[in-house]
Amino acid sequence: MKFFVDTANLDQIRDAQNLGVLDGVTTNPSLMAKEGITGRDNILKHYVAICNIVDGDVSAEVIATDFDGMVKEGEELASLHEQIVVKLPMIKEGVKAAKYFSDKGIRTNVTLVFSAGQALLAAKAGATYVSPFIGRLDDISTDGLNLIAEIRLIYDNYGFETQILAASVRHTMHIIDCAKLGADVITGPLSSIEGLLSHPLTDIGLAKFLADYKKGN
Ligand code: E4P
């Protein structure tokens, strides 16, 4: 199972990389805006900066919503760095673009996926990753994790190689549940990954070990 961090914040990306368990980064236009990264040139430079911190895949999202625009932008993004994965929205033109890039050997992440049917289309188009947004489904009283289970079943039925990238992960239990369901990747805030560390019995046990050591030394 791969762990991606879902942020454009370079300090958080560095922290996640230093933890030693990071496999990649996802970004989106909202996350870029949150860091104050605006203007095409600055955005492109920021993607390269992220690639220079992490070893794994870095999703960079196109802004165009027409096929020609997506192809132009996607090719520019892919040429920035070998770690870049072109992120495309799940719309008709995005599916066409995913097929185009797949035929050219350029990796893609089809994003804003909210149904099993959309995930099936992304796989048919040869997407490298499909990003079902589980947190946003939970937000509207729909079971996001159930979507992960449905996609896993469908992909396994036909041996699709598209990797299920569980996105919009909001907390640590989402990660555990995605692992149980067989998601290939999760992406979420660093806090959701760091939450995997915590257990009060670990803290109590360590304090006792250290106290007992001090008694004899
Ligand atoms: C994934 O690629 C998206 O950037 C992300 O996971 C969206 O998460 P949010 O619903 O917390 O904004």
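The values are calculated or read from the model by the stated rules, or taken from the named source; none is laboratory data. Keep in mind it's a predicted model, so treat the numbers as computed, not measured. FYI the Cβ positions are ideal-geometry reconstructions off the backbone, even for glycines, and counts take in every protein chain you see. The area values use the complete protein model at the heavy-atom level, side chains included, leaving out ligands, DNA and RNA. Shrake-Rupley method; radii C 1.70, N 1.55, O 1.52, S 1.80 Å.
Scanning region 97-114 for residues that are assigned to a loop (DSSP other than H, G, I, E, B) and either within 16 Å of the ligand (Cβ to nearest atom) or in contact with a strand residue (DSSP E or B) (Cβ under 7 Å, 6 or more places away or on another chain) (or both) returns 106, 107, 114.
Scanning region 54-80 for residues that are assigned to a loop (DSSP other than H, G, I, E, B) and surrounded by 16 or more Cβ atoms within 10 Å (Cβ to Cβ) gives 54, 56, 62, 64.
Filter region 162-197 down to residues that are more than 16 Å from the ligand (Cβ to nearest atom) and in contact (Cβ under 8 Å) with a residue 24 or more places away in the chain and give me whichever is least open to solvent (accessible area, probe 1.4 Å). Steps first, please.
At the first step, the residues of region 162-197 found to be more than 16 Å from the ligand (Cβ to nearest atom) are 176, 179-182, 194, 196-197.
From what is left, the residues that are in contact (Cβ under 8 Å) with a residue 24 or more places away in the chain are 179, 181-182, 194, 196.
Values: 179: 54, 181: 59, 182: 27, 194: 81, 196: 71 Å².
The residue in question is 182.
Mind telling me which of the residues 120, 137 ends up being open to solvent by 50 Å² or more (accessible area, probe 1.4 Å), under 27 Å from residue 7 (Cα atoms) and among the aliphatic types (A, V, I, L, M)? Break it down into steps so the answer makes sense when it comes.
Values: 137 fails: open to solvent by 50 Å² or more (accessible area, probe 1.4 Å).
After ruling out the rest, the residue left standing is 120.
Filtered by the rule that a residue be away from the ligand (no atom under 15 Å from the Cβ) and either in contact (Cβ under 8 Å) with a residue 12 or more places away in the chain or among the β-branched types (Val, Ile, Thr) (or both), region 8-21 gives 10, 14, 15, 17, 19, 21. Annotation note: Cβ proximity below 8 Å between a residue of region 90-107 that is more than 15 Å from residue 68 (Cβ to Cβ) and open to solvent by 40 Å² or more (accessible area, probe 1.4 Å) and a residue that is in a loop (DSSP other than H, G, I, E, B) and among the hydroxyl-bearing types (Ser, Thr, Tyr) (sequence gap 6+ or interchain) occurs for 102/128; 107/128.
Taken residue by residue, region 124-133 has no member that is open to solvent by 50 Å² or more (accessible area, probe 1.4 Å), within 9 Å of the ligand (Cβ to nearest atom), at pLDDT 95 or above and basic (Lys, Arg). How many residues does region 24-38 contain that are away from the ligand (no atom under 14 Å from the Cβ) and either of a type in the set (D, E, K, R) or open to solvent by 50 Å² or more (accessible area, probe 1.4 Å) (or both)? Total satisfying the criteria: 2. Filtering region 151-172 to residues that are of a type in the set (A, V, I, L, M), in a helix (DSSP H, G or I) and under 18 Å from the mean Cα position of the chain (by Cα) leaves only 151.
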